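A short worksheet on the structure shown next.
The values are calculated or read from the model by the stated rules, or taken from the named source; none is laboratory data. What you see is a predicted model, and the numbers here were worked out from it, not measured in a lab. Every residue, glycine as well, gets a Cβ built from its backbone with ideal geometry; the counts of neighbours run over all protein chains shown. The area values use the complete protein model at the heavy-atom level, side chains included, leaving out ligands, DNA and RNA. Shrake-Rupley method; radii C 1.70, N 1.55, O 1.52, S 1.80 Å.
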Amino acid sequence: MKELFIDNFFFPFYLATWFVSVVTYRKYFDTPLKFFPIYISYVIFTELLGYFIINFEDFSFFSQQEYSWHNIIIYNIYQIVMLCFFYWVYLKLLRNSKHKNLVAGAIVVTAIAYLVSLFFQNPLHSSMYYADFFGSYSLILCVILYFKEKAREGRTSSLKHNLMFWVSLGLLVFHIFVPFLFFVGYQDVETWHKYHFRKILWVLVSLMYTLFCIGLIVGKRKAFR
């Protein structure tokens, strides 16, 4: 099990964020982020299952030897769960009807992108990275619209105590870069390995969850929205 932490240095960031999210739950239990600890638990479960599938044949989804290590299906499912969770959060938070409609439109486009991808990519054995691109940038749109509304409220001094601000910042930092990393990784494996894109991905994951943790620690209940 120690190899899990050695080979995946980002994993302790998941555990730390989950722990802090539970300890500080009273700060946001009645907000749209009330399911945040459950979401992080799901992320941890996904990573553990992915690790076991690669390293232990008993956890394989496929009887064929050449596919025994394939775990991409659980990450394809995770991507959709993640998007649905944060779409729901931002639709709850956004107040401007035009912004809500923009997000709704982005959700429809992303859903269509995933449906179309099913005709060109097998989700059992391949990442749906074209659709993931739409998903990531639709989430970035949510973040931008949220920041825009916060700026119009004119209370930027309270943002440092706003958990949702830190969560949004973490999502923004991660999803700006990740679609390009995966696109290059699947189109040019040599570049992926040559420039250590996997480690860059892990750094981005660690940074995102660090920002989540900061928000959970410094966040105040009254400052949330």
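Can you tell me the order of 169-178, 131-140, 103-112 when each peptide is scored by its average per-residue count of other Cβ atoms within 10 angstrom, highest first?
Ranking the peptides 169-178, 131-140, 103-112 by packing returns 131-140, 169-178, 103-112.
Just the number, please: carbon plus sulfur as a percent of the accessible area of the range 72-225, 1.4 Å probe, no ligands or DNA/RNA counted. Display every interim value, and only then the final one.
Working: 5590 of 7950 Å².
In the range 72-225, the share of accessible area belonging to carbon and sulfur is 70 percent.
Total Lys pairs in the chain closer than 20 Å by alpha-carbon, pairs eight or more apart in sequence or interchain only?
Qualifying lysine pairs in the chain: 26.
Would you check the accessible area of HIS196, probe 1.4 Å, heavy atoms only, in square angstrom rounded to 10?
Accessible surface of HIS196 is approximately 100 Å².
Just the number please: accessible area per residue for the range 102-177, 1.4 Å probe, all protein chains included, in Å². Working shown, then result.
On the way: 3630 Å² over 76 residues.
I get 48 Å² per residue for this part.
Using alpha-carbon positions, what is the distance between the centroids of the range 190-216 and the range 82-98, in Å?
First find each Cα centre; the distance between them is then 25 Å.
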